[in-house]
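These notes concern the structure reproduced below.
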Amino acid sequence: MSRFERMAPSLAADWARVAAQIRPSRRVVVFLDFDGTLVKIVPRPDMVRLATSTRRVLRRLARHPRVTLVVISGRRRSELLHFIGVPGIHYFGLYGWERGGHSPLPKLALAALGSARAQLSTHLSSIPGIWIEDKRFSLSVHFLGASPPAQRRARRKLRSLLQPFRKSPHVIENLRDAEIVPRCILGKGIAVRQFLARPAPCRVLPFYFGDDLSDEPAFEAVSKRKGISIRVGIARPTRARYSIRGPAAVGVALTKLEAALI
């Protein structure tokens, strides 16, 4: 049986067991995806809003001496700072590659990305509901506004168009978009493993909250550290250990986590 053929049980139903793991932990590291996890999915990326109650619990957890917060997203780091802006959080953009400071890409990678951008703009713009977001260091092909047949056609066309570039950009598939990124951007699972490999006190308990296909490698990385992985959103097969309904439920779970630390 594939690891993706499992439906995760509800986090709330097993919270007593999770809380029992939190209490003796010297440090809790909480990784959080952004779109679909901390905020609702909206038609355009610039329309998202972080709920006041969620921002408040993030502020409290960011100040807690036993908690480390990491937001890890396909968005650019500057966007995460803009939409969240809570001090004390580690903000990882571009699937964990962009972590602060200057993060240059090789010139060949940028050139290949530019060529891919031209191809995609020419051949995908005619498909209704499909649009391309240029993030400079990556490209997002958004499918949310397209019909299911149009989405399938766009994904097939995307794979075909990127065949000549297979040695440079690669595709990170998601439920509502596909991200074209340079090969040096390895994904959230690698970023989580690297962060957890840093010197740290004993008894570290990692959490990961995410809603998309690109979060699945991170679920696995956290599970290998005997952590708690939570799939956010409608039920589907996942590597996550638990599931919850949506961003509002993430805010509730973070509040319960805070209470278990006392």
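The values are calculated or read from the model by the stated rules, or taken from the named source; none is laboratory data. Here the structure is a predicted model, which means the values were calculated and not measured. Methodologically, a virtual Cβ is constructed for each residue, glycine included, from the backbone with ideal geometry; neighbour enumeration extends over all protein chains shown. Ligands, DNA and RNA are stripped out before the accessible areas are found, and what is left, the full protein with its side chains, is counted by its heavy atoms. Shrake-Rupley method; radii C 1.70, N 1.55, O 1.52, S 1.80 Å.
Below are the figures for this structure:
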item: Enumeration of residues in segment 144-199 that are under 15 Å from ALA116 (Cβ atoms) and open to solvent by 60 Å² or more (accessible area, probe 1.4 Å); result: LYS157, ARG159, SER160, GLN163, PRO164, ARG166, LYS167, ARG183
item: Residue list for segment 124-143, filter: surrounded by fewer than 17 Cβ atoms within 10 Å (Cβ to Cβ) and either charged (D, E, K, R) or in contact with a Lys or Arg (Cβ under 6 Å, 6 or more places away or on another chain) (or both); result: GLU133, ASP134, ARG136
item: Criterion violated by LYS224 - all others in (1) buried (at least 22 other Cβ atoms within 10 Å of the Cβ); (2) over 16 Å from the mean Cα position of the chain (by Cα) satisfied; result: (1)
item: Residue that is modelled with the lowest pLDDT [pool: residues in segment 86-109 that are among the aliphatic types (A, V, I, L, M) and open to solvent by less than 60 Å² (accessible area, probe 1.4 Å)]; result: LEU105
item: Given (1) part of a loop (DSSP other than H, G, I, E, B); (2) out of contact with any Gly (no Cβ under 7 Å at 6 or more places or on another chain); (3) surrounded by fewer than 16 Cβ atoms within 10 Å (Cβ to Cβ), number of the condition ALA8 does not satisfy; result: (3)
item: Subset of segment 237-262 [basic (Lys, Arg) and either touching a residue at least 40 places away in the same chain (Cβ under 8 Å) or open to solvent by less than 10 Å² (accessible area, probe 1.4 Å) (or both)]; result: ARG239, ARG241, LYS256
item: Segment 3-57, subset free of Cβ contacts under 8 Å to residues at least 24 places away in the same chain and of a type in the set (Gly, Ala, Ser), residue farthest from ALA235 (Cα to Cα); result: ALA20
item: Elements of type strands (runs of 3 or more DSSP E) in segment 165-262, at least 3 residues being in contact with a Lys or Arg (Cβ under 8 Å, 6 or more places away or on another chain) and either under 13 Å from PHE31 (Cα atoms) or not aliphatic (A, V, I, L, M) (or both); result: 204-210, 228-232
item: Failed item, numbered, when PRO24 is tested on (1) over 22 Å from ARG193 (Cβ atoms); (2) surrounded by 11 or more Cβ atoms within 10 Å (Cβ to Cβ); result: (2)
item: Verdict on SER115 being modelled with pLDDT of 85 or more, buried (at least 16 other Cβ atoms within 10 Å of the Cβ), under 17 Å from LEU161 (Cβ atoms) and of a type outside the set (A, V, I, L, M, F, W, C); result: no
item: Any chance LEU105 is closer than 21 Å to GLU79 by Cβ and in a helix (DSSP H, G or I); result: no
item: Residue satisfying all of: in segment 49-85; surrounded by 20 or more Cβ atoms within 10 Å (Cβ to Cβ) and assigned to a loop (DSSP other than H, G, I, E, B); nearest to the chain's Cα centre (by Cα) among these; result: SER73
